[in-house]
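Q: The structure under discussion is supplied below as structure tokens; questions concerning it will follow.
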Amino acid sequence: MKTIRTVSELGIELANARQSGKKIAFVPTMGAIHAGHLSLIEIAKKQSGFVVASIFVNPLQFNSASDFDRYPRNEAADTAALESAGADVLFLPSVEEIYPNGKVNTRSAGPIGDLYEGQARKEHFDGMLTVVARLFEIVSPDVAVFGAKDAQQLFLIRRMLQQEKNSDWGSKLQLVEGPTIRESTGLALSSRNQRLSTSEMQVALSLSEALDKAHKCAASGEGISSALGEAMKVFSSNPEAKLDYLALVNPESFEALEDGFKGQALMIVAAEVGNVRLIDNRLITF
């Protein structure tokens, strides 16, 4: 695996790969690599003969400088993990490489970007879309792989691709969704999990337990409000998991659903455990 830090050097490597007839698959990350990220590399390898992973902790996605500074970074461990998973190139750019001379072509997530995660993390999704569009511009991949755990992020990236289908990178790009990888306990893997204590890891199971309760409720023939009610009970009995939001939305529009809905819904949840914010989601059929 080659580690590349500049846009110009990456361009040469990508041109060589394309001249060899290889498709480019891309897995962007913010580091703190775990098994969930590595599962995306495996998916990317099946999609193409040349896999580019990136690590860039994007300052535009953080509400404060302290949050940005606290984000876990371990370049040596991350590099070793991505190499063992079979990535061909690791792109490790500086802020100046991504935003040269401070130039930022800001993308807007629109009203949906202000809901749920966006309500708690102002301008987070604008920053996310901005850096994803910039990385797509640099790499111009044939395939990009993102995890399903960040459901609202994935929805907004899909919508941006629809809007950019006539651009140089948007015209050919295929977005592939990787399933959420979980611990044996059901806890969704996240870079943030490493900040949880042993006792907090148990509290964090409230998120996946709430999703399971809602799924069972729907499977028994109950509607939207009943499923939400069953999931809410989990947090009522586990006050250490401080619920931020719990909602059932249409996965095609991210609009909240009401009783009477029939079809596949997406339950999304966020809660704070200790000082760690966690999210999860699950598709549920009514």
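The values are calculated or read from the model by the stated rules, or taken from the named source; none is laboratory data. Every value quoted in this text rests on a predicted model; they were computed, and no experiment measured them. Note that we place each Cβ from the backbone using ideal geometry, even for glycine, and neighbour counts take in every protein chain shown.
Q: Take the residues in the stretch 29-60 that are touching a Lys or Arg at 6+ places or on another chain (Cβ under 8 Å) and among the polar types (S, T, N, Q); name whichever of them is nearest to T180 (Cα to Cα).
A: The residue in question is Q47.
Q: Hey, another quick one. Between V52, V27, which is assigned by TED's automatic domain parsing to the domain that holds E137, in contact with a Phe, Trp or Tyr (Cβ under 7 Å, 6 or more places away or on another chain), part of a strand (DSSP E or B) and within 20 Å of V143 (Cβ to Cβ)?
A: Of V52, V27, the one residue that is assigned by TED's automatic domain parsing to the domain that holds E137, in contact with a Phe, Trp or Tyr (Cβ under 7 Å, 6 or more places away or on another chain), part of a strand (DSSP E or B) and within 20 Å of V143 (Cβ to Cβ) is V52.
Q: Which condition does S171 not pass, out of (1) among the small types (G, A, S); (2) surrounded by 17 or more Cβ atoms within 10 Å (Cβ to Cβ); (3) without any contact (Cβ under 8 Å) to a residue 12 or more places away in the chain, if it passes all the others?
A: Tallying (1) among the small types (G, A, S); (2) surrounded by 17 or more Cβ atoms within 10 Å (Cβ to Cβ); (3) without any contact (Cβ under 8 Å) to a residue 12 or more places away in the chain, S171 fails exactly one: (2).
Q: Hey, can you tell me all the residues within the stretch 47-79 that are among the aliphatic types (A, V, I, L, M), exposed (fewer than 15 other Cβ atoms within 10 Å of the Cβ) and more than 21 Å from R192 (Cβ to Cβ)?
A: none
Q: Every residue in the stretch 107-152 that is farther than 21 Å from V7 by Cβ, of a type in the set (S, T, N, Q) and surrounded by fewer than 22 Cβ atoms within 10 Å (Cβ to Cβ), please.
A: S108, Q119
Q: Do we find a residue being acidic (D, E), touching a helix residue (DSSP H, G or I) at 6+ places or on another chain (Cβ under 9 Å) and within 22 Å of V57 (Cα to Cα) anywhere in the stretch 161-176?
A: no
Q: For the structure I just gave you, tell me whether K22 is of a type outside the set (A, V, I, L, M, F, W, C), touching a residue at least 12 places away in the same chain (Cβ under 8 Å), in the same structural domain as V89 (by TED's automatic domain parsing) and not in a helix (DSSP H, G or I).
A: yes
Q: Here is a further query. Just one of the numbered conditions (1) touching a Lys or Arg at 6+ places or on another chain (Cβ under 6 Å); (2) closer than 23 Å to R5 by Cβ is not true of E96; which one?
A: Every listed condition holds for E96 apart from (1).
Q: Look through the stretch 249-265, keep the residues that are hydrophobic (A, V, I, L, M, F, W, C) and in contact with a Leu (Cβ under 6 Å, 6 or more places away or on another chain), and return whichever of them is nearest to Y71 (Cα to Cα).
A: V249
Q: On the basis of being at pLDDT below 95, in the same structural domain as I138 (by TED's automatic domain parsing) and either in contact with a helix residue (DSSP H, G or I) (Cβ under 8 Å, 6 or more places away or on another chain) or part of a helix (DSSP H, G or I) (or both), does D78 make the cut?
A: no
Q: Additional query: When the residues of the stretch 105-157 are narrowed to those that are assigned to a loop (DSSP other than H, G, I, E, B) and of a type in the set (S, T, Y), which ends up nearest to the chain's Cα centre (by Cα)?
A: Only one residue fits best here, namely Y116.
Q: Which ones in the stretch 250-279 are under 15 Å from G118 (Cα atoms) and crowded, with 21+ Cβ neighbours inside 10 Å?
A: Listed by number, the residues that qualify are I268, V269, A270, A271, L278, I279.
Q: If the Cβ limit is 8 Å and pairs must be 6+ apart or interchain, which residue in the stretch 203-225 that is more than 21 Å from A271 (Cα to Cα) pairs with which residue that is in a loop (DSSP other than H, G, I, E, B) and among the acidic types (D, E)?
A: So the pair list comes out as G223/D259.
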